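None of the figures in this text is laboratory data; all of them are computed from the coordinates on show. This structure is a prediction, so every number in the text was calculated from the model and none was measured. Heads up, the Cβs are rebuilt from the backbone with ideal geometry, glycines too, and the neighbour counts pull from every protein chain shown.
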Number of protein chains: 2
Amino acid sequence: MSNARAPGTLYLVPTPLDFGCDTATALTEVLPDATLRVAAGLSHWITENAKSTRAFLKRVDAIHALSQPLQALHITELPRAVHKKGDHQGEFDARPLLQAALEGDDIGLVSEAGMPAVADPGSSVVRAAHALGLRVQPLVGPVSLLLALAASGLNGQNFAFVGYLPQDAHARLQRLRELEGLAQRGGQTQLFIETPYRNAALWSALLQGLQARTRVALASGLTLPDAHVRCLSVGEWRQAEPPPLDRPTVFSIGV
Amino acid sequence: MSNARAPGTLYLVPTPLDFGCDTATALTEVLPDATLRVAAGLSHWITENAKSTRAFLKRVDAIHALSQPLQALHITELPRAVHKKGDHQGEFDARPLLQAALEGDDIGLVSEAGMPAVADPGSSVVRAAHALGLRVQPLVGPVSLLLALAASGLNGQNFAFVGYLPQDAHARLQRLRELEGLAQRGGQTQLFIETPYRNAALWSALLQGLQARTRVALASGLTLPDAHVRCLSVGEWRQAEPPPLDRPTVFSIGV
């Protein structure tokens, strides 16, 4: 035991929001130096997708040289079932993925864009780290939900993110009205997201089904050159130029 | 009209989380270069507190020279009533504060720590910017709520931030149990904050009043050298070493 190293830390490493976009953001524009430096020094990674993590690390390497060649890094993908269904229900035991940390290596947790474990896979890994008594350190970087909330002008002192809406038209409308009720009665801003190809249907339902005075914000492309943020009442939106809906968008309902 | 400039942008400028702390974080550790560069270039500011904004801008100046001397900057404080009571109810019309943007100057919105308009004053100003058709651009930086959520290992696909709890002991316990119910029945992680001198009373109520299986995370000092993050079940917390409770802390309840 005399040679045992202290346990490693689980770092939550945010990535740029340009995943899948035509234009890449310079990493230094959206990640502080501490985040880049820690990322460059890690030899072990747990990720949603190894390929996108390697692409990210190549970009990091151009700013701070990686401590090891890319090929020598240990990059472990979360099981597909975990990141398809969400990993917060507690059925998935991620403790075996953290063995290297028990042996003294720091580990980085990443998703494809933004902050891991927030509207993205990863919470099972953080949960496992707490179960093992490991130190967990979140690093600073872009989080689309929070940028969208701040930019909406809606209540940021009481808000909820509720994930995706139902796909069925009737259930979706019912859910939208439920969220509108929560926003109007409790003053709690309601944020949600949708797969881009369903954005247009969601938008129609929202304009037709909600009350004219309810305020609705859209945010897309945040941190990118063509960012779009706008907040109007439903009544105003009905008269306004339609917003772009062809890319990932954070919707917010408030009063 | 031929000399009219295009309207300015309202930038939401995040600041470090070391406000009121003994140790200062190097700005480059928590703010990306784009945030620092934009901050250095702005001549107009709207803030919770002019003194802390000047202190922040002095730190920015050491990295990117300010475009104008500190004394020449236009720094406008939000009325005290707005930031005491919260400014999301819509009674405060912040449009007059944005006159410079209508005349072509960019304006920065800041709070004392973290992201303005998220668990902090500022949403009235963002609301006014949308009402005037101004561009709103949130910049990347630390947001304690989201760092705390990611680091909790609790459900980050469905969560709510509900602000402060009631001060009265009975009402507080009732509210805690209500939040526990929301977390257990709906799977929605519930985040809240408290004034540090009430943290100990809150913590006792929480340990005594919630169910043993409910999971509770605390996060404080995030991005600082002595950051503390831990998530255990209430049953485990009852047996564990008490967490530090003497500074601003984000509490999360989940399953």
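The angle separating the long axis of helix A:199-209 from the principal Cα axis of greatest extent in chain A is about 40 degrees. Could you pull out which residues in the range A:22-61 have an amide N less than 16 Å from a spot 7 Å beyond the Cα of A:ARG80, following the Cα-Cβ vector? Under 16 Å, as judged by backbone N against the label point of A:ARG80, lie A:48-52 of the range A:22-61. Once the trypsin sites (Lys or Arg not before Pro) in DSSP loops with at most 15 neighbouring Cβ atoms within 10 Å are cut out of chain B, the longest remaining piece is B:6-212.
For A:GLY235, what is the net charge nearby, where nearby means another residue's Cβ is under 12 Å from its Cβ and Lys, Arg count +1, Asp, Glu -1? Counting the neighbours of A:GLY235, the net charge comes to +2.
Taking GluC sites (Glu not before Pro) in DSSP loop states with no more than 12 other Cβ atoms inside 10 Å as exposed sites, chain A has its longest site-free stretch at A:104-255. Averaging the Cα positions of each part gives two centres, and for the range A:43-65 and the range A:195-248 these lie 33 Å apart. Chain B holds its axis-closest Cβ, relative to the rotation onto A, at the residue and whole-Å distance B:ALA160, 2. Working note: Karplus 6.51/-1.76/1.60 with θ = phi - 60° gives the range A:13-30 the couplings 10, x, 10, x, 8, 9, 4, x, 9, 6, 10, 8, 8, 4, 4, 5, 6, 10 Hz, where Gly and Pro are set to x. For a straight C-alpha distance cut-off of 12 angstrom, the aspartates and glutamates reachable from B:LYS51 (same-chain residues fewer than eight places away being disregarded) are B:GLU77, B:GLU112. Label-point distances for A:ALA169 to the equivalent site in the other copies, using a point 7 angstrom along Cα→C-beta, read 5.7 nm when ranked shortest first. GNM on chain B, alpha-carbon springs under 10 angstrom: the most fluctuating residue among B:PRO121, B:PRO242, B:PRO166 is B:PRO242.
Take each residue of peptide B:131-141, count the partner chain Cβ atoms within 10 Å of its Cβ, and average: the result is 6. Phi angles of the range A:185-191 translate, via the Karplus equation with coefficients 6.51, -1.76, 1.60 and θ = phi - 60°, into HN-Hα couplings of 6, x, x, 9, 4, 10, 9 Hz per residue; Gly and Pro are given as x.
Using R₀ = 22 Å, calculate the FRET efficiency as 1/(1 + (r/R₀)^6) where r is the Cβ-Cβ separation of A:LEU207 and B:LEU132; round to 0.05. The pair A:LEU207/B:LEU132 has a calculated efficiency of 0.45. Considering helices alone, the calculated mean residue ellipticity of chain A at 222 nm is -9500 deg cm²/dmol, with DSSP H runs of length four and up weighted by -39500 (n - 2.57) and normalised per residue. Across the range A:144-254, the mean sequence separation of Cα contacts (distance under 8 Å, 6 or more residues apart), normalised by length, yields a relative contact order of 35 percent. In terms of its C-alpha gyration tensor, the protein assembly as shown comes out rounded, because the ratio a/c of the largest to the smallest axis stays below 1.5. Remark: label point of B:THR28 defined 7 Å out from Cα along the Cα-Cβ vector; separations to the same position in other copies 0.9 nm, ascending.
The mean number of partner chain beta-carbon atoms within 10 angstrom of a residue's beta-carbon across peptide A:111-123 is 4. Taking all Cα-Cα distances within the range B:9-138, those exceeding 21 Å account for 35%. Using a cut-off of 14 Å between beta-carbons, work out the net charge of the residues near A:ALA34 (Lys and Arg +1, Asp and Glu -1, A:ALA34 not included). Cβ neighbours under 14 Å give a net charge of -4. Each of B:ASP226, A:ASP22, A:ASP61, A:ASP33 was scored by other Cβ atoms within 10 Å of its Cβ. Listed from fewest to most, they are A:ASP22, B:ASP226, A:ASP61, A:ASP33. One equal scatterer on each Cα of chain A, no solvent, Debye formula: the resulting log10 I(q)/I(0) at q = 0.08, 0.13 Å⁻¹ is -0.37, -0.87. Close amide H contacts of A:TRP45 (hydrogens built in the peptide plane, cut-off under 5 Å, sequence separation of 5 or more or a different chain): A:HIS74, A:ILE75, A:THR76, A:GLY108. In the protein assembly as shown, what percentage of the DSSP-assigned beta bridges are antiparallel, given to the nearest 5? Restricted to the protein assembly as shown, the bridges split so that about 50 percent are antiparallel.
Computed extension gain for A:GLU91 through A:THR195, at 0.36 nm per residue and net of the alpha carbon distance, reaches 34.9 nm. Take each residue in A:184-193, count the other chain C-beta atoms within 10 Å of its C-beta, and the mean is 2. Copy-to-copy label distances for B:GLY186, where each label lies 7 Å from Cα along Cα-to-Cβ, are 0.4 nm in order of increasing length. Of all DSSP bridge pairs formed entirely within chain B, close to 45 percent run antiparallel.
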